[in-house]
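Participant: Dropping the structure in here first, questions after.
The values are calculated or read from the model by the stated rules, or taken from the named source; none is laboratory data. Please read all numbers here as calculations on a predicted model, not as lab measurements. Here Cβ is always computed from backbone atoms with ideal geometry, including for glycine, and neighbour counts include all displayed protein chains. Surface accessibility is based on the protein's heavy atoms, side chains included, excluding ligands, DNA and RNA. Shrake-Rupley method; radii C 1.70, N 1.55, O 1.52, S 1.80 Å.
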Amino acid sequence: MPPVFAHGRLRLYLLKLLDEAPRHGYEVIRLLEERFQGLYAPSAGTVYPRLAKLETEGLVTHASEGGRKVYSITDAGRAELADRGGELADLELEIRDSVSELAAEIRADVSGAAGDLRRELRAAASASATQVEDESWKAAKEELRKAKAEWKEQARRAKDESRRAREEAQQARRQAKEAQERAREEVQRIAGQLQEQFAKSGGVLGSLAGAWLGVSGPTTAPSGPSTTSATSAQAADQAPAPDTDWARDVPQTGEPARDLDRLLDRFRDDIRDAARDRGIGEDQLAQARTHLAEAAARIAAALGQRS
């Protein structure tokens, strides 16, 4: 007799049965017998050790009900079942083939037994051609009739099971393909959002600078252009050299738009800390506005140069 399940496939099919509904061990054995139309029934020594191993691996769990263990699939079990969706579809086809092979063997056995019986009947008929048909002859004919009927019924069940397994395998393939399409569309949607966010990131600098400076309300204009220019030039001469290691401790995420937001947060915090520690007046506010506007324009221009 050919093997019904290849190595490791019974384990996968047990997860499928438990994904349908929680079941106890005897119910799993009965369901397997029904799926094979009575042509195959695993023993308790085959099913229960595998259920125990699945529970050890964290793929199933059990609860006691009426003195019996009722097994249920866990989230980890469902994840493995989803990851092996294509393999499960192939398993359904293998089950169909196994049912067909078992049915073929039964047909061969029934056909051989029927042939032997017919030969025996012919021999008995030759030996007693002149005798009246007795009860043993009638019993032999009835046995032959029952054998033929049983063969036809088993063949019909095997055909129905083969068709159902084929339909389920086709449905599983369709569902797997639809899941792949949905995942591809989701990835494309997220990539589009990231591109759009990065394209708009140049405007974030100007908005942040305007919002930060506006919290203090309208400012008084400086006395004249010469005063502002002179003050700005003096502040530029007194400004320290740029710190090339500034914000090196800010972790990188690999997403440019998100990393830019983090740098802007650090920039805002540093400016606020300086204003709190050193104080800020009207002149410093005007200088800060000028420097921030220049920085916003330069960074926005740099972002606009990306390919």
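Participant: For the residue pair L93 and E186, what label-to-label distance in nm results when each label sits 7 Å from Cα along the Cα-to-beta-carbon direction?
Facilitator: 2.7 nm
Participant: Taking square-rooted eigenvalues a ≥ b ≥ c of the alpha carbon gyration tensor, is the stretch 52-102 rounded, prolate or oblate, where a/c under 1.5 means rounded and, failing that, a/b exceeding b/c means prolate?
Facilitator: Judged from the Cα gyration tensor, the stretch 52-102 comes out oblate (a/c at least 1.5, b/c at or above a/b).
Participant: By its C-alpha gyration tensor, with a ≥ b ≥ c as the square roots of the eigenvalues, how is the stretch 256-307 shaped: rounded for a/c under 1.5, else prolate for a/b larger than b/c, else oblate?
Facilitator: On the way: a/c = 5.74, a/b = 1.64, b/c = 3.50.
The shape class here is oblate.
Participant: Going highest first, how would you order 246-254, 284-292, 40-48 by mean Cβ packing within 10 Å? Let's see the in-between values first.
Facilitator: On the way: 246-254: 9.2, 284-292: 17.1, 40-48: 13.2.
Order by mean packing, descending: 284-292, 40-48, 246-254.
Participant: Just the number, please: carbon plus sulfur as a percent of the accessible area of the stretch 268-307, 1.4 Å probe, no ligands or DNA/RNA counted. Intermediate values should be presented prior to the final figure.
Facilitator: On the way: 1470 of 3020 Å².
For the stretch 268-307, the apolar C and S fraction of the accessible surface comes to 49 percent.
Participant: Tell me, in nm to one decimal, what length is gained between A300 and L285 on full extension, where the rule is 0.36 nm per residue of separation less the Cα-Cα distance?
Facilitator: Numbers: separation 15, 0.36 × 15 = 5.40 nm, distance 2.19 nm.
Result: 3.2 nm gained on full extension.
Participant: Grab the beta carbon distance between A293 and T244, set R0 = 25 Å, and tell me the FRET efficiency rounded to 0.05.
Facilitator: On the way: r = 23 Å, r/R0 = 0.93.
The computed FRET efficiency comes out at 0.60.
Participant: Quick one: what are the phi-derived ³J(HN,Hα) couplings along the stretch 283-290, Karplus 6.51/-1.76/1.60 with θ = phi - 60°, whole Hz, x for glycine and proline?
Facilitator: Result, rounded to whole Hz: 5, 5, 5, 5, 5, 4, 4, 4.
Participant: Per residue, how much accessible area does the stretch 135-188 show when a 1.4 Å probe rolls over the protein heavy atoms, in square angstrom? Present the calculation step by step, with values, prior to reporting the outcome.
Facilitator: Values: 4320 Å² over 54 residues.
With all protein chains present, the stretch 135-188 gives 80 Å² per residue.
Participant: Going by the alpha-carbon gyration tensor, a ≥ b ≥ c the square roots of its eigenvalues, is the stretch 7-101 rounded (a/c under 1.5) or, if a/c is not under 1.5, prolate (a/b greater than b/c) versus oblate? Can you show the working numbers first?
Facilitator: Values: a/c = 2.05, a/b = 1.22, b/c = 1.69.
Oblate, because a/c is 1.5 or more while a/b does not exceed b/c.
Participant: Could you compute how much accessible surface V60 exposes when probed at 1.4 Å, giving the result in Å² to the nearest 10?
Facilitator: 0 Å²
Participant: List residues of the stretch 21-52, by number, whose backbone nitrogen lies under 18 Å from a label position 7 Å along Cα→C-beta of R166.
Facilitator: The answer is 36-37.
Participant: Let me ask something else about it. For labels at K138 and Y40 in the simple 7 Å Cα→Cβ model, what's the distance in nm?
Facilitator: Taking the two extended label points, one gets 4.2 nm.
Participant: How do 154-160, 9-15 rank on mean C-beta neighbours within 10 Å, highest first?
Facilitator: Numbers: 154-160: 15.6, 9-15: 18.9.
Averaged packing, sorted descending, gives the order 9-15, 154-160.
Participant: If you take the beta carbon distance between E33 and E153 as r and set R0 to 22 Å, what does 1/(1 + (r/R0)^6) give as a FRET efficiency, to the nearest 0.05? Show your work: numbers first, answer last.
Facilitator: Details: r = 16 Å, r/R0 = 0.72.
Efficiency, rounded to the nearest 0.05: 0.90.
Participant: Express in nm, to one decimal, how much length is gained between T253 and D75 on full extension, taking 0.36 nm for each residue of separation and deducting their alpha carbon distance. It would help to have the intermediate numbers written out before the result.
Facilitator: Numbers: separation 178, 0.36 × 178 = 64.08 nm, distance 2.93 nm.
Gain on extension, T253 to D75, equals 61.1 nm.
Participant: Can I ask one more? Quick one: check the C-alpha center-to-center distance for the stretch 35-55 versus the stretch 269-288, whole angstrom.
Facilitator: 76 Å
Participant: So, counting K/R as plus one and D/E as minus one, what does the shell of residues with Cβ under 15 Å around I271 add up to?
Facilitator: Numbers: positive: R266, R268, R272, R276, R278, R289; negative: D243, D265, D269, D270, D273, D277, E294.
For residues surrounding I271, the net value is -1.
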